[in-house]
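*Asks:* Provided herewith is a single structure, encoded as structure tokens, for subsequent inquiry.
The values are calculated or read from the model by the stated rules, or taken from the named source; none is laboratory data. All figures in this text were calculated on a predicted structure; none of them were measured in a lab. A quick note on method: Cβ atoms are made from the backbone with ideal geometry, for glycine too, and the neighbour counts reach across all protein chains shown. Quick note on the areas: whole protein, heavy atoms, side chains included, nothing else; ligands and nucleic acids left out. Shrake-Rupley method; radii C 1.70, N 1.55, O 1.52, S 1.80 Å.
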Amino acid sequence: METGKNLILITGATGQQGGAITRELLAKGHKVRAMTRDPQGSAAGALEKLGAEIVQGDLDDAASLERALAGAWGAFGVQNTWEAGVEKEEVQGKRLAEVAKQAGVRHYVYASVASAHRKTGIPHFDNKWRIEETVRGLGFPSYTILRSVFFMENFLGPYFLPGIQQGTLGVAIAPTTRLQMIAVADIGKYGVRAFEQHENLAGQAIDIAGDVHTMPEIAKLLTAGIGREVQFESVPIEAIRAFSEDYAIMLEWFDRVGFDADIPSRAKESGIAPTSFADWARGVKWTVESGAAQA
């Protein structure tokens, strides 16, 4: 791989994982084509200012994927379960990998989920395993699979943030359950490594994580990071199941089994220092006005 010469297509470039990898690649001088459904949007504009080539593309439109992948040496594939649904995400993931192979992509990086290989019974984990199997079977010259654990950034999302703004971290897992997490910025670093060290990482599937805590511990770290008290509150699992069976199954699996990424070993072999949850919480630009926090 030659820095600044080998073109890399990033799907989901205006999202979390794709955005983090795009920014890291650009910062290191790589040639990046950022795919988005909305090339005129502000997020795409920000990436263009950083040096990315912006291209319109849709995971549901094979023709647009062919155009986006034309001439690409490498490609990063990511899909969103909560937007597409389990079945559609699987179709999208397989379609993108197949089109990338047909387009002559030399190195393919797929964003899966940690423990996808462990037969978890979680629908949006198991479908990613089936996408992994497709990637493995396509015969790419090389590929790497990145399996991330729970995102720290999830605490800024609509499921958690409203409660946190009111001083409550409501989660339907046991107070003793230790949950592995990762900062999205770290995923960006692992993504760059997957491309830059493609020869050494070819054929590997790598579970990545940065920290592990119980929910009461997380509440205390949020308290320190936000500057106001946040308390953990256990939510009945049936309240979660009422709106998402898939999400409830995942939370029950967290309690029963959980992720098992080897954080110290992964940091040592990659040279990527993991972001702690405490540092992440302190680094978020929380502001508190009239009982609300914004990030």
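*Asks:* Before we move on, is Gly57 free of Cβ contacts under 8 Å to residues at least 40 places away in the same chain and closer than 19 Å to Gly19 by Cβ?
*Replies:* On the way: free of Cβ contacts under 8 Å to residues at least 40 places away in the same chain: no; closer than 19 Å to Gly19 by Cβ: yes.
Considered against the rule, which asks whether it is free of Cβ contacts under 8 Å to residues at least 40 places away in the same chain and closer than 19 Å to Gly19 by Cβ, Gly57 comes out as no.
*Asks:* Quick one: is Gly225 surrounded by 16 or more Cβ atoms within 10 Å (Cβ to Cβ), touching a Lys or Arg at 6+ places or on another chain (Cβ under 8 Å) and in a helix (DSSP H, G or I)? Spell out the reasoning first.
*Replies:* On the way: surrounded by 16 or more Cβ atoms within 10 Å (Cβ to Cβ): yes; touching a Lys or Arg at 6+ places or on another chain (Cβ under 8 Å): yes; in a helix (DSSP H, G or I): yes.
Answer is yes for this residue.
*Asks:* Looking only at residues in region 70-87 that are assigned to a helix (DSSP H, G or I) and open to solvent by 30 Å² or more (accessible area, probe 1.4 Å), which one is modelled with the lowest pLDDT?
*Replies:* Taking region 70-87 first, the residues assigned to a helix (DSSP H, G or I) are 81-84, 86-87.
Keeping just the survivors that are open to solvent by 30 Å² or more (accessible area, probe 1.4 Å) gives 82-83, 86-87.
Working: Trp82: 86, Glu83: 90, Val86: 93, Glu87: 95.
Of everything passing the filter in region 70-87, Trp82 is modelled with the lowest pLDDT.
*Asks:* Which of (1) free of Cβ contacts under 8 Å to residues at least 24 places away in the same chain; (2) surrounded by 19 or more Cβ atoms within 10 Å (Cβ to Cβ) does Ala34 not meet, given it meets every other one?
*Replies:* Ala34 satisfies every listed condition except (1).
*Asks:* For region 56-69, does any single residue satisfy the condition of being in contact with a Leu (Cβ under 9 Å, 6 or more places away or on another chain) and either part of a strand (DSSP E or B) or among the β-branched types (Val, Ile, Thr) (or both)?
*Replies:* Checking region 56-69: not a single residue is in contact with a Leu (Cβ under 9 Å, 6 or more places away or on another chain) and either part of a strand (DSSP E or B) or among the β-branched types (Val, Ile, Thr) (or both).
*Asks:* How do the helices (runs of 4 or more DSSP H) wholly within region 105-208 filter down when requiring 3 or more residues that are on the phi < 0 side of the Ramachandran plot, hydrophobic (A, V, I, L, M, F, W, C) and open to solvent by less than 10 Å² (accessible area, probe 1.4 Å): which remain?
*Replies:* Details: elements: 123-137, 161-165, 184-196, 198-201.
In region 105-208, the matching helices (runs of 4 or more DSSP H) lie at 123-137, 184-196.
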